[in-house]
1. Tell me, which residue of the range 193-215 that is more than 18 Å from residue 126 (Cβ to Cβ) and buried (at least 23 other Cβ atoms within 10 Å of the Cβ) is nearest to the ligand (Cβ to nearest atom)?
2. Restricting attention to strands (runs of 3 or more DSSP E) lying wholly within the range 49-165, give those where 2 or more residues are in contact (Cβ under 8 Å) with a residue 60 or more places away in the chain and more than 16 Å from the ligand (Cβ to nearest atom).
3. Name every residue in the range 324-339 that is loosely packed, with under 15 Cβ neighbours inside 10 Å and at pLDDT 95 or above, in order of residue number.
4. Looking only at the range 112-136, count every residue that is closer than 30 Å to residue 4 by Cβ and surrounded by 19 or more Cβ atoms within 10 Å (Cβ to Cβ) and tell me the total.
5. Looking at residue 33, is it outside any helix (DSSP H, G or I) and either touching a helix residue (DSSP H, G or I) at 6+ places or on another chain (Cβ under 6 Å) or under 30 Å from residue 149 (Cβ atoms) (or both)?
6. Looking only at the range 307-319, count how many residues are surrounded by fewer than 20 Cβ atoms within 10 Å (Cβ to Cβ) and within 18 Å of the chain's Cα centre (by Cα).
7. Out of (1) within 20 Å of residue 243 (Cβ to Cβ); (2) surrounded by 18 or more Cβ atoms within 10 Å (Cβ to Cβ), the odd one out for residue 97 is which?
Ligand code: UD1
């Protein structure tokens, strides 16, 4: 069975391709290599022993998208990761983000409308909840005004899919709202590859420990939390990847109860920034250089998932905990240093 993975050489995309191939799917990857490289493709092949079809294609090129789908009419499902994801950059360049994340989604959905079987998995984010009023966050929590154009593209993306599903019962979609995906494949052959100075916590910790950065800045210790630092739900990327396979199977087997469903992907456990640092120090047995600095604008105080719906309805549960995920990130970082 042929499955298209857009953005399949990215962080979550590449891990999902591995899981799909492990389950026997034939994978076609589209990626424009804007934030990835062909080495990732080699890594996928090395891990799974199978070579996915790869097309370097920019989904912003509508004609190319049309041509691609004409050539691959036997695609049974699409997992759509391709998107830009840097929050700060999206504030600087909003139109770039709307073009990259919205136009491309529309072009893909337009082609799905022409196909006979259309199972669509969307890469969404807990950012749609902004600062939720109640913890843990259920899928029923209100969608709040987005903090950034990036966040807005996830909200608008879900609306576009939902509107499309309303008028085209042939299209079935699941939107997966990730909390904070971290970690790397256990082989340490694929993982997260931030370009330039990392913006996210785990890559920054790894590069600090590896000596690439001098010290981690902890953004604020005066939040109303157990130790004053922000709380997030860090989830292993392999767990996130497996959830995509399960979601796709749900659609392929017509087990969905409506043709647009949403699920939170998290562990259900919130960890503070200081707890993450402690977990890093414990599993690696080394101290991390860090200092407390001012809050980062746009950060929510706390966000962790209620995973009941994902556990009971989707039939998926995170298998790894924070320490497992951090250890895998560290092994990945060490493999990068060794190159
Ligand atoms: C961020 C985005 C989110 C996006 C996700 C994945 C914001 C506001 N949110 O999530 O929309 O889906 O990345 O790309 O940017 N921290 C430090 N020092 C650092 C880096 C982070 O203390 O150098 C803290 C942050 O203040 C936060 C926590 O670590 O409390 C996690 O930060 P990060 O990894 O950037 O993820 P989010 O901000 O939760």
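1. Among residues in the range 193-215 that are more than 18 Å from residue 126 (Cβ to Cβ) and buried (at least 23 other Cβ atoms within 10 Å of the Cβ), the one nearest to the ligand (Cβ to nearest atom) is 205.
2. By residue number, 75-80, 118-125.
3. Selection gives 334 alone.
4. Selection size over the range 112-136: 13.
5. yes
6. 2
7. Among (1) within 20 Å of residue 243 (Cβ to Cβ); (2) surrounded by 18 or more Cβ atoms within 10 Å (Cβ to Cβ), the lone unmet condition for residue 97 is (1).
One line per residue, one yes/no per condition, for (1) within 21 Å of residue 243 (Cα to Cα); (2) in contact with a helix residue (DSSP H, G or I) (Cβ under 9 Å, 6 or more places away or on another chain); (3) modelled with pLDDT of 95 or more:
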position: 53; (1), (2), (3): no, no, yes
position: 57; (1), (2), (3): no, yes, yes
position: 76; (1), (2), (3): yes, yes, yes
position: 133; (1), (2), (3): no, no, yes
position: 154; (1), (2), (3): yes, yes, yes
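The values are calculated or read from the model by the stated rules, or taken from the named source; none is laboratory data. Since we're looking at a predicted model, the values are computed, not measured. When we count neighbours, we look across all protein chains shown, and the Cβ atoms used for this are built from the backbone with ideal geometry, even at glycine.
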